[in-house]
Amino acid sequence: MDIVVKVENLFKEIEGRQILKGVSFDVRAGEIFTIIGGSGSGKTSITKHIVGLWKPTSGRVEVFGKNVAELSQQELDLLRKDIGYVFQEGALFDSLRVWENVGFYFLEHTNMSKEEIRKIALEKLKLVNLEEDVLDLMPSELSGGMRKRVAIARAIATNPKLIIYDEPTSGLDPITSRVIDQLILQLREKTGSTAIVVTHDMISAFTISDRLLVLKKGETVVLGTPQEVLDSEDPFVKEFVGNMKDYLLAEQRNL
Ligand SMILES: Nc1ncnc2c1ncn2[C@@H]1O[C@H](COP(=O)(O)OP(=O)(O)OP(=O)(O)O)[C@@H](O)[C@H]1O
Ligand SMILES: [Mg+2]
């Protein structure tokens, strides 16, 4: 089984504070791996190590078999081309049109024509169920859900093998959140990509994930399948997961 991301005993200290305290996990090719945990527990910090924005204080993070901390700037640029990152803030460039946001990588790094870039942008927008009519809109003209979808289209523009979604459903209504869940599943189907999802949305976590990591103050509490996490006797997990068991049972009855 191919391992896409290998995090080994990751410690991170910033300004004398321990942010990550020995986190270890593997993400397997093609899986949807989700990280849940309270605010400030270190979820986004883990993803920053995966894309090489941060270096471990100790421990090791390997992506596609390479130790991220040891890569040169050039190697890091190449690695990042293979990783799509949907930022927690969903940040789009406010002064750029939708097609320029989605095609940003190509505008910055290639000599491709406007027509070619628009074509790629449209292809990616279609993958997130948006159409041609949004190409020339400004981010301010989009709804929150559309903005998230454009951010996802931008993240997948370079056909990344790994997509990191940091809170893809935050700020969205429950219906749009489920649309985003379906999109994450569809993208995996269509592109065979691997996904790491950071979320506070328990429905999302328990319905789309192959495996889940529950984090508490920089430490792993449980790592396992949704069922294994639901069955955990750990008091923190029980409280955190809340009534998910009942919810999922009710969902199954509705099927
Ligand atoms: N640039 C930084 N400098 C110093 N401390 C930081 C920095 N970024 C994050 N932290 C600290 O690291 C800890 C973990 O932050 P992180 O952003 O990883 O949390 P999170 O689990 O993603 O939280 P949330 O669910 O609120 O997004 C927090 O205590 C935060 O204050
Ligand atoms: Mg975060």
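The values are calculated or read from the model by the stated rules, or taken from the named source; none is laboratory data. In this text, all values refer to a predicted model and were calculated from it rather than measured experimentally. Methodologically, a virtual Cβ is constructed for each residue, glycine included, from the backbone with ideal geometry; neighbour enumeration extends over all protein chains shown.
Restricting attention to region 27-52, which residues are assigned to a loop (DSSP other than H, G, I, E, B), more than 17 Å from Leu223 (Cα to Cα) and within 13 Å of ligand 2 (Cβ to nearest atom)? Result: Ser39, Gly40. Scanning region 195-227 for residues that are within 14 Å of Ser177 (Cβ to Cβ) and crowded, with 17+ Cβ neighbours inside 10 Å yields a total of 9. Just a yes or no: is a residue in region 73-82 buried (at least 16 other Cβ atoms within 10 Å of the Cβ), farther than 22 Å from Asp181 by Cα, among the basic types (Lys, Arg) and within 15 Å of ligand 1 (Cβ to nearest atom)? No, region 73-82 contains no residue that is buried (at least 16 other Cβ atoms within 10 Å of the Cβ), farther than 22 Å from Asp181 by Cα, among the basic types (Lys, Arg) and within 15 Å of ligand 1 (Cβ to nearest atom).
Exactly one condition in (1) closer than 24 Å to Arg17 by Cα; (2) assigned to a helix (DSSP H, G or I) is not met by Arg253; state its number. Result: Arg253 passes all but (1). Assess whether Lys12 counts as being of a type in the set (D, E, K, R), in contact with a helix residue (DSSP H, G or I) (Cβ under 7 Å, 6 or more places away or on another chain) and within 29 Å of Lys238 (Cα to Cα). Here the answer is yes, as Lys12 does meet what is asked. Evaluating Val197 against the criteria (1) touching a residue at least 40 places away in the same chain (Cβ under 8 Å); (2) more than 16 Å from ligand 2 (Cβ to nearest atom); (3) under 14 Å from the mean Cα position of the chain (by Cα) leaves one unmet condition, (2).
State which residue is nearest to ligand 1 (Cβ to nearest atom) when the search covers only region 10-39 and only residues that are more than 28 Å from Arg188 (Cα to Cα) and exposed (fewer than 15 other Cβ atoms within 10 Å of the Cβ).
The extreme case among them is Ile14.
Scanning region 50-62 for residues being near ligand 1 (Cβ under 10 Å from one of its atoms) and touching a strand residue (DSSP E or B) at 6+ places or on another chain (Cβ under 7 Å) gives a total of 1.
Of all the residues that make up region 159-176, how many are assigned to a loop (DSSP other than H, G, I, E, B) and more than 16 Å from ligand 1 (Cβ to nearest atom)? Explain how you work it out, then say what you get.
First pass over region 159-176, keeping only residues assigned to a loop (DSSP other than H, G, I, E, B): 159-161, 167-173.
Subsequent filtering for residues that are more than 16 Å from ligand 1 (Cβ to nearest atom) retains 159-161, 173.
Of the residues in region 159-176, 4 are assigned to a loop (DSSP other than H, G, I, E, B) and more than 16 Å from ligand 1 (Cβ to nearest atom).
Here region 88-130 is the region considered, the condition is being in contact with a helix residue (DSSP H, G or I) (Cβ under 7 Å, 6 or more places away or on another chain) and within 16 Å of ligand 2 (Cβ to nearest atom), and the residue that is modelled with the highest pLDDT is Gln88.
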